[in-house]
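To start, the structure itself, in C-alpha cells.
The values are calculated or read from the model by the stated rules, or taken from the named source; none is laboratory data. Only a predicted model underlies this, so the values are computations on that prediction, with no experimental measurement involved. Reconstructed Cβ throughout: ideal geometry from the backbone, glycine too, with neighbour counts over all protein chains shown.
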Amino acid sequence: MSRTRALLALLLLVLAAGCAARTDAENPAARGERLYGTYCIGCHSLDPAGPDATGPTAPAMLARAAAQDDPAAWLRLQIIQPNAELAPGYPAGLMPATYGSTFDPAELDALVAYLVSMGQSQ
C-alpha cells in the first residue's frame with residue numbers, strides 16, 4: 001500500500017511541475033518576475049522610496065522607460081548594455097554587462113515583459 005502512495009505522490013509532483021512549466025510559457029511576465037527576484041531586486045528595489053544606493057529603483061527605471069518611444073526596447077537595451085545610457089547619478093560599470101549572455105532570449109523576453117507589465121500598472 002505504501003508503494004502505491006509513493007507512486008501516486010510522485011505522479012502528482014510530475015503533474016504539478018508540468019503545470020508550472022506550462023504557466024511560464026503562457027505568462028512570460030510571471031517568469032520575468034521570478035528572474036527579477038533572483039537577479040535584479042538586490043540592486044533595484046521595487047519600493048519607490050528606495051533603497052537605491054546600488055542602482056535606481058524599479059519605479060525610477062520604469063519612469064525613464066515610459067518616456068521612450070519603445071519602452072520595451074529601451075529596457076532590453078538597459079539590461080544587455082547597461083552602460084549605453086546611464087541613469088543620472090550612477091557611474092558606468094556598476095551594473096554587470098553580462099546579462100546579454102546570462103539570459104537566454106526567452107528569459108530576456110520574460111524579464112522585459114515583467115518590467116513592461118509593472119510600468120503599465122503604475
Matching residues in region 32-42 - criterion: being more than 14 Å from SER117 (Cβ to Cβ) and surrounded by fewer than 18 Cβ atoms within 10 Å (Cβ to Cβ): GLY37, THR38, TYR39, ILE41, GLY42
Checking SER101 against (1) more than 19 Å from SER121 (Cα to Cα); (2) in a loop (DSSP other than H, G, I, E, B); (3) free of Cβ contacts under 8 Å to residues at least 24 places away in the same chain, the condition it does not meet: (2)
The one condition in (1) hydroxyl-bearing (Ser, Thr, Tyr); (2) within 18 Å of PRO28 (Cα to Cα); (3) in contact (Cβ under 8 Å) with a residue 12 or more places away in the chain; (4) out of contact with any Phe, Trp or Tyr (no Cβ under 8 Å at 6 or more places or on another chain) that THR54 fails to fulfil: (2)
Which numbered condition PRO48 misses (of (1) at pLDDT 90 or above; (2) closer than 14 Å to MET118 by Cα; (3) not aromatic (Phe, Trp, Tyr)): (1)
